[in-house]
Every structure is written in structure tokens, then in C-alpha cells.
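The values are calculated or read from the model by the stated rules, or taken from the named source; none is laboratory data. Note that this is a predicted model, so its numbers are computed, not measured. As a convention, Cβ positions derive from the backbone with ideal geometry for all residues, glycine included, and neighbour counts pool all protein chains shown. Just so you know, the surface numbers come from the protein's heavy atoms only, side chains and all, with ligands and any DNA or RNA stripped out. Shrake-Rupley method; radii C 1.70, N 1.55, O 1.52, S 1.80 Å.
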Amino acid sequence: GVNAQPQETIDGFHLLIEALKLNGIDTIYGLPGIPITDLTRMLQAEGLRMLSFRHEQNAGYAASIHGFITQTPGICLTVSAPGFLNGLNSLAHATTNCFPMILISGSSEREIVDLQQGDYEEMDQLAIAKPVSKAAYRVLHAEDIGVGIARAIRAAVSGRPGGVYLDLPAKLFAQTMEATAGRATLIKVVDPAPAQIPGADAVKRALDLLKGAKKPLILLGKGAAYAQCDAEIRKLVESTGIPYLPMSMAKGLLPDTHEQCASAARSFVLPEADVVLLIGARLNWLLSHGKGKTWGGNGHKSWGKQKFIQIDISPQEADSNVKIDAPLVGDIASCVAQLQKAVDAGWAKPPKEWTDAVAAKKNGNIAKMAETLAKNPSPMNFHSALNVVRDIIKANPDAMLVNEGANALDFTRSIVDMYKPRKRIDVGTWGIMGVGMGYCVAAAAATKHPVIAIEGDSAFGFSGMEVETICRYNMPVCIVIMNNNGVYKGTDVDPTGRDPAPTVFVKGARYDKIIEAFGGVGVHATTPDELRKAMEEAIKSRKPTLINAVIDETAGTESGRITSLNPNAAKKK
Ligand SMILES: Cc1ncc(Cn2c(C)c(CCOP(=O)(O)OP(=O)(O)O)sc2=O)c(N)n1
Ligand SMILES: Nc1ncnc2c1ncn2[C@@H]1O[C@H](COP(=O)(O)OP(=O)(O)O)[C@@H](O)[C@H]1O
Ligand SMILES: [Mg+2]
């Protein structure tokens, strides 16, 4: 017949890119190589932001925290086998922390993998990903890419968010199909994180318990921050008048300076409270599993009498550690809305003796801390350095705060007040070191706000090479390394005299020189004034900056706040 129009075709590369764009994905964190190098070029050419890292682990941490900040899955893209394995840490981190992310890795052909015939970077990646992910899928045919992306997104963000693995064998990308038919296979997911309304009976049970409390306490977890119903949460806290404790990444949901914030009285309110309302917080190790000394311990008058209400989207979380008297299963926004209705209908504030007792304890501790912060020892210690950081964050409440280390983490969490939600992003549930620089890239890419990273010198070392990445994209990141010359402190020695101790680093290390290699601003700060000036300049200039803050080597304690988790070595005979 007449010369038929050549059929327009579409290949696997472009079906994948169009499926991502169709679902509002605009940023990819990854590292090029076989079989995805061309994919990274095409993603960029098609208008997605393709952020390329120096180690896939950091790209993965970036993707995981992108998910926490935006409620859309962060995407990490890696090559097969070694690249995939480097991404696994962050996939497990995302699943553990309930952050939505998708790890997409190229892989070898099934025929060769399944016969173990020794393909280039051969590995059964799907099988290896399953145990550390919330869900894991593989796509073999181009017409299934639309379903694969839809399933991965829905699995990542619905219910309890988590890490999802999507395995794409190399041959998939070059497959082609007729373009119109191909595009018809793509799915734009509808309502991927549906509201989960709590049952009326569960709401009533929770309210009856909370109404009757003499010493109620609200515990806000990172789930409450993730839910992005900030005004509703603030209204519930303020309209009930109940004191609240924010977990690390829930800080800023209400300003830490809020009169109902009980952080400075944590060790008083946990054992004393008679009813505890958990909102998006698990009673895991961070809360001493809801029992033991932290909660009053055996023999304490509240022992075994405390009642728990738990708002959580996971129906299985209740009773994981202690009996939950009123599980309220649903998404936080829906659960808080139901509770608010009852509060609006009339609510008695908690007894004055309770709120006064909390305030007295809190104000006493704040006064003590103020005394410590006012000291100006030389060399600087964590307190005098963080007193500066505290002022900088107060003056720049929109800045993102990345934080990791042991003392560098624990002191920052208690000294640096946060004023807005989802600004403090840190090691999370696992206490994992190495998230810092990946988090900085994602925080800069996902929020456009300036990013301040307070890093232990050991913690920084896990991802330090990404300083080049931060400079390459010219990101407004100000890294402050709390350089106490070691893991926890810098004073250990090798009793045999042969080597440096396993916990110390090069004396007087000049980390600030590293960033100068990539065109960034390096500062060596030995006083609070030098630190303040350098941070203010970095915020103003928005130039990538690394400040090497020299901290007293004796200032830290082993493992910071969690010293008790260290096993006791048997006493030498
Ligand atoms: C991946 C990984 N490796 C090792 C650790 C163990 N660890 C390590 C190695 C820390 C570093 C502490 O040293 P730092 O310099 O970062 O902080 P401070 O000196 O301020 O305490 S904190 C901690 O729990 C970890 N949590 N995660
Ligand atoms: N939108 C949501 N609605 C309800 N629960 C949520 C939501 N998002 C996350 N969660 C829950 O929040 C909890 C977060 O707990 P966790 O990570 O232990 O916080 P933290 O460490 O701050 O205490 C998880 O149990 C998770 O299921
Ligand atoms: Mg250190």
C-alpha cells in the first residue's frame, strides 16, 4: 500500500522515565555505570534532576531522607551487584525508619543468574533485597514497567512507609514496543497513601483514657513529623494543654521553646506520667522499650500502672514492647482529627499540680544548662560550640539541620532548639553513621533552604568524599565538623605503643582543606566567635562551606548518651 508511516516506537529506557515523570518524580539520586549510564543521561535530558554521587550508599541515604521530607518516594539508581549492595544499607535504613524510598538497580539476565553461569556482576539481587525491604519487584518485559513503577510507589508510601527494591535486568531497557500501546501501559497511581480512618470504638476508648488522666503526656515521634499535619498536631497539643515530648526528628513540630515542651524534664515526665499518648512513635530502644528505670522501674509508684494510647498506621505495632491499652490504628491526620472533635466539644486541661511540676523541673534544668552554655573554655567544648549553633538555627529557623555522631549527636539534640517541622534530620532509629553528606544533598535539593550539618569527625569520615558532590552542584551546605580528634574522644592510646588507638585520628586534622580541593570554602575555627562568623558567612553566601571546629579531645563520653549499651568486658583476673 502507500508508504506506511514508520511505526513510532518507545524503548524500556523511555517507558521508565515517562512512568517516573507521570508520577511526579523529579529527582533521582544515583551513580552511573553498566547498565544504567545512558539511563542517567536520558533522565537528565528529559528534565529530571539526576544527582550523581561518589558512593551509592550516600545516594541511598539521600533518597531515603528525600522520602521523609516530601512524602514521595526518594529514588536511588545503581548499577548491578556491587552498586546494588552499596545501596542496600540505605534501603534497610529507610525500611527501619519508615522512610519511603525505591532502590532501582540494573541487574544481570535471569537466564544466566538462575543457572549461575557467571555474568558480569552476576547476583540474585531480588532475593538479597527482600529481607531488608518492605517490598521487592522485578520487571522483565517493557509493557510491565508501568505496573512495576506503580507497585513500587504504592508499596513505598502506603501504610507504614518503607524501602522498596525494583530490579531491572539490563535487557529490559533496549526492548521496544509501539509507542501508543507502550504509553497506554503506564499508570499514574491514584491515592497511593490513602487515609486510614480509625474505628469509632477505638477513638472512644482512647478519649476515655485520656480524659481521666491526672498526669497525661503526649509523645511525638518522627511519624508525626512525616504525616505533614503540623497545624492539626499543634492544635491538639495546645487545646488539650497536655505536656509533650518530641523525639529527635519530631523536634520543631511545635517550637522547642514552647511552654508545653517537656524535653528538659524528660527524666521526670516518663516515670511520672499516668497516661501516655504516643503519636507516630515506637516504644523501641529509644524509649527504653516502655519499661525499666526510664519509666520508673520496678517498685516505682507508677510501675505497671501507666496506660498507653498509641496512634499508628501499623495495626501490628501495638503491644510490641508493652501492653497498649488504647491502640488507635489509622493515619495520624485522621486519628488526630477524631480526637480534636472531642476536645473541641469540651476538654478539661490537665491538673495544675501536674503542669506546674513539669514546668518547675523543666525550668530548673534549662537554668542549669544555661550556666554550662555560658562558659567559654579554651579549647572549645561541645557546649560552647553548640551554643553558637543554637543561636544560628534560632536566627535561621528555615535552615535544615543534619546531625550525626555520638556526643556530636546527643549534645546537638538537647542543646539546639528547632522551630519548624522536618528541619532536623539525623541518624534515626538505627543510630547509623554515614548519613550526613547524602542527607545534605537531599535537603538542599528537596527544600532549597540552607543546610547546616553538625558532624562528629568520625561520622563525617563515612561520607566525606561527597563534599565534592556538594561543591559540584554548588549547594548551600555548611558542614561543621566537631573535631575532638576521635570516636567519642581523642585521648585513647595503644597500650603496646605500636599504633594509634583504634578510636583516634590524625592529631590536628585539617578537614577544612578537603573542601578547598573542590572550590568550596574551608574554615579552621578554634573559638566560638570564629565559628559564629564562619557559619553566618556560609548562610549569607550560600557557598559550600566546611568548618573544622576544634573541640577539646577530652570533652566526650564513650558512646555519648547510650554508654549503657556497651557490653561490660569481664573484669581482668
Ligand atoms: C555504620 C556505623 N558504624 C559504626 C557505628 C558506631 N558508632 C560510631 C563509629 C560513632 C562515631 C562517634 O564519633 P564521632 O566523632 O562521630 O562523634 P563524637 O566524637 O562527637 O562522639 S557513633 C556510633 O554509634 C555506627 N553507629 N554506625
Ligand atoms: N502517616 C502516618 N500515620 C500514622 N503512623 C505513621 C505515619 N507515618 C509513620 N507512622 C508510624 O510512625 C512510627 C514512627 O516511629 P519511630 O520511627 O519509632 O519514630 P521515633 O523514632 O521518632 O519515635 C512508625 O511506627 C510508623 O508506623
Ligand atoms: Mg569525634
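At 1.4 Å probe size, with the rest of the protein present, what percent of the exposed accessible area of the stretch 100-250 is carbon and sulfur atoms?
Carbon and sulfur together cover 57 percent of it.
What are the ³J(HN,Hα) couplings of the stretch 194-202, residue after residue, when phi is run through the Karplus curve with 6.51, -1.76, 1.60 and θ = phi - 60°? Round to Hz, x for glycine and proline.
So the Karplus estimates, Gly and Pro as x, are x, 4, 10, 7, x, x, 4, 5, 5 Hz.
Based only on Cα atoms, what Rg/Rh ratio does the stretch 333-458 have, Rh being taken as Kirkwood's radius?
Working: Rg = 18.4 Å, Rh = 17.2 Å.
With Rg and the Kirkwood Rh in hand, the quotient comes to 1.07.
Using a Förster distance of 45 angstrom, determine the FRET efficiency expected from the C-beta separation of Lys352 and Val493, and round it to 0.05.
Computed FRET efficiency for Lys352 and Val493 comes out at 0.25.
To the nearest 0.05, what FRET efficiency results for Asp398 and Glu537 with a Förster distance of 22 Å applied to their C-beta separation?
According to the calculation, E is roughly 0.80.
Rounding to the nearest 10 and keeping the result within 0 to 90°, find how far the Cα-based axis of helix 145-157 lies from the longest principal axis of the chain.
0 degrees
Could you pull out every residue, at least 5 positions away or on a different chain, whose amide H is within less than 5 Å of the one on Tyr137? Hs are placed 1.01 Å off N in the peptide plane, and Pro or chain starts have none.
The list, which skips near neighbours in sequence, is Tyr165, Leu166, Asp167.
Binning at 10 angstrom from zero up to the longest distance, how are the C-alpha pair distances of the stretch 269-321 distributed in percent?
25, 57, 17, 1
So for the stretch 229-361, what percent of the C-alpha to C-alpha distances run longer than 25 Å?
The share of Cα pairs beyond 25 Å in the stretch 229-361 comes to 23 percent.
Stretch His300-Ser267 to full length: gain in nm at 0.36 nm per residue minus the Cα-Cα span?
10.5 nm
Calculate the radius of gyration of the Cα atoms of the stretch 156-296 to one decimal place, then report Dmax, the largest Cα-Cα distance, as a whole number, both in Å.
Every Cα atom of the stretch 156-296 included, Rg and Dmax give 21.5, 68 Å.
For the stretch 281-294, what does the Karplus curve 6.51 cos²θ - 1.76 cosθ + 1.60, with θ = phi - 60°, yield as ³J(HN,Hα) per residue in whole Hz, taken in order and with x for Gly and Pro?
Result, rounded to whole Hz: 9, 9, 7, 9, 4, 5, 10, 6, 6, x, 8, x, 3, 3.
Quote the relative contact order of the chain in percent (integer), defining contacts as alpha-carbon pairs under 8 Å separated by 6+ residues. Before the final figure, lay out the partial values.
Values: 1242 pairs, mean separation 68.2, N = 573.
Normalised by residue count, the contact order of the chain is 12 percent.
How far is it, in nm, from the label point at Thr554 to the one at Arg205 when both lie 7 Å from their Cα along the line to the Cβ?
Taking the simple label geometry, Thr554 and Arg205 are separated by 5.6 nm.
For Ala501 and Ser320, what is the calculated FRET efficiency with R₀ set at 41 Å and r taken between the beta-carbons, to the nearest 0.05?
On the way: r = 39 Å, r/R0 = 0.95.
Efficiency, rounded to the nearest 0.05: 0.60.
Stick to Cα atoms and the Kirkwood definition of Rh, then tell me Rg/Rh for the stretch 228-287.
Checking Rg against Rh, the ratio lands at 0.92.
Evaluate the charge dipole of the chain about its Cα centre and quote only its size in Debye, nearest 20, assuming +1 on the Cβ of each Lys and Arg and -1 on the Cβ of each Asp and Glu.
Working: 61 positive and 59 negative charges, 460 e Å.
Roughly 2200 debye, rounded to the nearest 20.
For Thr180 and Glu46 in one chain, what is 0.36 nm times their gap in residues minus the Cα-Cα distance, to one decimal in nm?
46.4 nm
With the other protein chains left in place, how much accessible area per residue, in square angstrom, belongs to the stretch 170-283 at a 1.4 angstrom probe?
Value for the stretch 170-283: 38 Å² per residue.
How long are the three semi-axes of the equivalent ellipsoid of the stretch 293-371, in whole Å, if each is the root of 5 times an eigenvalue of the C-alpha gyration tensor, listed from largest down?
28, 21, 14
How much of the accessible area of the stretch 308-433, probe 1.4 Å, is carbon plus sulfur, in whole percent?
Looking at the stretch 308-433 in its full context, I get 55 percent from C and S.
What whole-number value in cubic angstrom gives the convex hull volume per residue for the C-alpha atoms of the chain?
197 Å³
Restricting to DSSP H runs of at least four residues, report the calculated mean residue ellipticity at 222 nm for the chain, -39500 (n - 2.57) per run over all residues, nearest 500 deg cm²/dmol. Show your work: numbers first, answer last.
Details: 22 runs with 223 residues, N = 573.
Computed ellipticity for the chain at 222 nm equals -11500 deg cm²/dmol.
What lysines sit close enough to Lys323 to cross-link, taking a C-alpha to C-alpha distance under 16 Å and skipping anything fewer than 8 places away on the same chain?
Those lysines meeting the cut-off are Lys291, Lys305, Lys307.
Per residue, how big is the convex hull of the stretch 1-65 when only Cα atoms are used? Give it in Å³.
Considering the Cα atoms of the stretch 1-65, their hull volume per residue is 107 Å³.
Pull up all non-local amide H partners of Ala501: gap of 5 or more, or a different chain, and H-to-H distance under 5 Å with H placed in the peptide plane.
Asp494
Quick check: residue separation of Ala127 and Glu238 times 0.36 nm, minus the Cα distance between them. What number comes out in nm?
Residue separation times 0.36 nm, minus the Cα-Cα distance, leaves 35.2 nm.
List the residues of the stretch 481-514 whose backbone N lies under 20 Å from a point placed 7 Å from the Cα of Met465 along the Cα-to-Cβ direction.
Answer for the stretch 481-514: 506, 510-514.
Can you return the lysines within cross-link range of Lys533? Criterion is Cα-Cα under 23 Å, with same-chain partners fewer than 8 residues away left out.
Partners found: Lys375, Lys394, Lys423, Lys448, Lys513, Lys543.
Report, by chain and number, residues whose modeled amide H sits under 5 Å from the one on Leu328, excluding near sequence neighbours (fewer than 5 apart, same chain).
Gln310, Ile311, Asp312
Convert each backbone phi in the stretch 42-47 into a coupling constant with the Karplus relation 6.51 cos²θ - 1.76 cosθ + 1.60 (shift: θ = phi - 60°), then list the ³J(HN,Hα) values in order as whole Hz, x for Gly and Pro.
5, 4, 5, 5, 8, x
Under a Cβ-only charge scheme (Lys and Arg +1, Asp and Glu -1), can you give me the dipole magnitude of the stretch 319-438 about the Cα centre, in debye to the nearest 20?
Details: 15 positive and 13 negative charges, 57 e Å.
Using Cβ point charges on Lys, Arg, Asp and Glu, the stretch 319-438 gives about 280 debye.
Within the stretch 416-444, name every residue whose backbone N is under 11 Å away from a label modeled 7 Å from Cα of Leu373 along the Cβ vector.
416-418
Once a ≥ b ≥ c are taken as the square roots of the eigenvalues of the Cα gyration tensor of the stretch 22-118, is the result rounded (a/c under 1.5), prolate (a/b larger than b/c) or oblate (a/b not larger than b/c)?
oblate
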